[in-house]
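I have placed the structure first, in the form of structure tokens, so that the comments after it can refer back to it.
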Number of protein chains: 2
Amino acid sequence: MPHRNSGHHPPVISLTAAQESPVYGHGMQSRRPASRTGRPRSATADAAILAATREALVELGWSKLTLGDVATRAGVAKTTLYRRWAGKNELVVDAVAELFDELELPDSGSLAADIEGVVLQFAAILARPEAKSGLMAVVAESTREDALRSRVRASIVDRQKRLVVEGRARAQARGELPAEPDPSTAARTVDLIFDMVAGAVVHRTLVSGEPVDEEWVRGFTAVLLRGLAAEAGRTAAG
Amino acid sequence: MPHRNSGHHPPVISLTAAQESPVYGHGMQSRRPASRTGRPRSATADAAILAATREALVELGWSKLTLGDVATRAGVAKTTLYRRWAGKNELVVDAVAELFDELELPDSGSLAADIEGVVLQFAAILARPEAKSGLMAVVAESTREDALRSRVRASIVDRQKRLVVEGRARAQARGELPAEPDPSTAARTVDLIFDMVAGAVVHRTLVSGEPVDEEWVRGFTAVLLRGLAAEAGRTAAG
DNA sequence: GGCATTACGCTACGACTCGTAGCGAAAGCT
DNA sequence: AGCTTTCGCTACGAGTCGTAGCGTAATGCC
């Protein structure tokens, strides 16, 4: 249970102040004076709303999910929902992001076992219906809205990518992967690995609709590792 | 210009009859007696509707796209739209599927060049805003509806996968990839390659939001090919 | 304690979209 | 001709959206 998040899923303005960002509202109220005085927002309402959102995602899916329905399920007024989230997109991002809290990098001693462990965890999350219907929908919407894209990146994507960074560092320390001294090259390699791993698992689960079982993971890891083994200093090859 | 499609994008019941499938309607009219007599459906209306759908996808995105708006753009009545498509999902699938018509397998003589060519084509399609906003949205919806899933698979996914099958066969003929006599193992390998290639490109483009340029493609292809080179008969390795 | 400030639940509202029904006219086939 | 199906159009009830307004509840500051 390492690295506790410093306030991700508390949805919008996590009472911690220290940010005057435009993250808050829909654009309705202009200023946000750090929220010092007044009645604080109910934290239990947040949890109830996000849980209700996931429940509605399972039962209704993305397109038929309505904020009024979520409010009823959560036992709060619809207006409360609109005070905290700008709309359906932002709400679902936060609701889905909580699913990825359990994602952890195992320390199994070998890079292959690490990858297989992470991939199986990732696949288990993606197999849940609330993740299936919610995740790709917000990704699709985020291609049109920069604010939503940033939110998805901060809440979901970057947390996954960190596992790649850490796992790669461990593997390099063990000598299983070649070191890359140039930080720019290293960043590109991390991006490539991340897109290959996450992309393959997501595509297998959501597009192909096939399960990510141990047999598939073994085959995938074998191909990936063989491809990465001697992957130093050849980006300029032609 | 090989393999001309035998009628994909003509949206629903391509006048070719020869199918009594449940593909047609919303479930409103029960039977479809092969549509022999009567006024035929306007083919130009189909093209106009699908083009209008892509236009609306670019300007409005998935969630704000309405069928009434598409009908107005296409110059047809809203009722005409509902006579041909069951809803927004089916319409967008057909509109997006047409984007992938141009996808072709180059015959460049080496597997690496073939992969790089296909990936760049695929990435160019995904870079278009109508593909970005539409494709992932219908994939998300298809996780809840089997009928929609079949439609996505038939119209989009299987056409992509065929490129993998053909490219792999050519590479095996050249000796660049090991042969796999067992058809079951071969099918699993094709699925793995497909999910790795398509998944990485999709993830890079839509989730990471980074461009698939030649540099990235070279790096990706290098890793993939090295991983596949000696990939015969080791699925049972432990 | 009192006061200012903010969040809450509730109701109500206009605007919009949905999907369908019904009509008369148009465009094919035999 | 006659038959059949599609087309454009209008209209409709149902449902959702996002906001406004109100009175009340819960905090911090003096």
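The values are calculated or read from the model by the stated rules, or taken from the named source; none is laboratory data. Everything numeric here is computed off the predicted structure, so don't read it as measured data. Positions of Cβ are backbone-derived with ideal geometry, glycine not excepted, and every protein chain shown enters the neighbour counts. Heads up: the accessible areas ignore ligands, DNA and RNA and are worked out on the full protein's heavy atoms, side chains in. Shrake-Rupley method; radii C 1.70, N 1.55, O 1.52, S 1.80 Å.
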Have a look at B:Leu111, B:Phe194, B:Ala127 and report the one farthest towards the positive end of the charge dipole of the stretch B:98-229, computed about the Cα centre with Cβ charges (Lys/Arg +1, Asp/Glu -1). B:Phe194
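I'd like the mean, over residues of A:187-198, of how many other protein chain beta carbons sit within 10 Å of each residue's own Cβ.
5
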Inter-copy distances for A:Gly175, label 7 Å out on the Cα-Cβ vector, sorted ascending, nm, one decimal, are 3.5
With DSSP loop assignment and no more than 11 other C-beta atoms within 10 Å, the trypsin sites (Lys or Arg not before Pro) in the stretch A:78-166 are none
Please give the direction-averaged projected area of the C-alpha convex hull for the stretch A:98-229, in square nanometres with one decimal. 8.2
Other chains' Cβ within 10 Å of B:66-76 residues: what's the mean? 0
If you take each beta carbon of peptide B:207-213 and count the beta carbons of other chains within 10 angstrom, what is the mean? 5
With solvent modelled as a 1.4 Å probe, how much accessible area in total do chains A and B shield from it at their shared surface, in Å² to the nearest 100? 4200
For the peptides A:196-205, A:175-184, B:59-68, A:61-70, what is the packing order when you average, over each peptide's residues, the other Cβ atoms within 10 Å and list the highest mean first? A:196-205, A:61-70, B:59-68, A:175-184
If labels are modelled 7 Å from Cα along the Cβ direction, A:Thr66 lies from its partners in the other copies at nm distances, smallest first, of 1.5
Other copies of B:Glu104: label-to-label distances in nm, shortest first, labels 7 Å along the beta-carbon direction: 5.3
With heavy atoms of protein chains only and a 1.4 Å probe, what residues of the stretch A:131-147 have at least 10 Å² less accessible area in the full set of chains than alone? A:Lys132, A:Ser133, A:Met136, A:Ala137, A:Val139, A:Ala140, A:Glu141, A:Thr143, A:Arg144
Taking 29 Å as the cut-off for C-alpha to C-alpha distance, list the pairs among A:Lys161/B:Lys132; A:Lys64/A:Lys161; A:Lys132/B:Lys78; B:Lys64/B:Lys161; A:Lys78/B:Lys78; A:Lys88/B:Lys88 that go past it. A:Lys64/A:Lys161; A:Lys132/B:Lys78; B:Lys64/B:Lys161; A:Lys78/B:Lys78
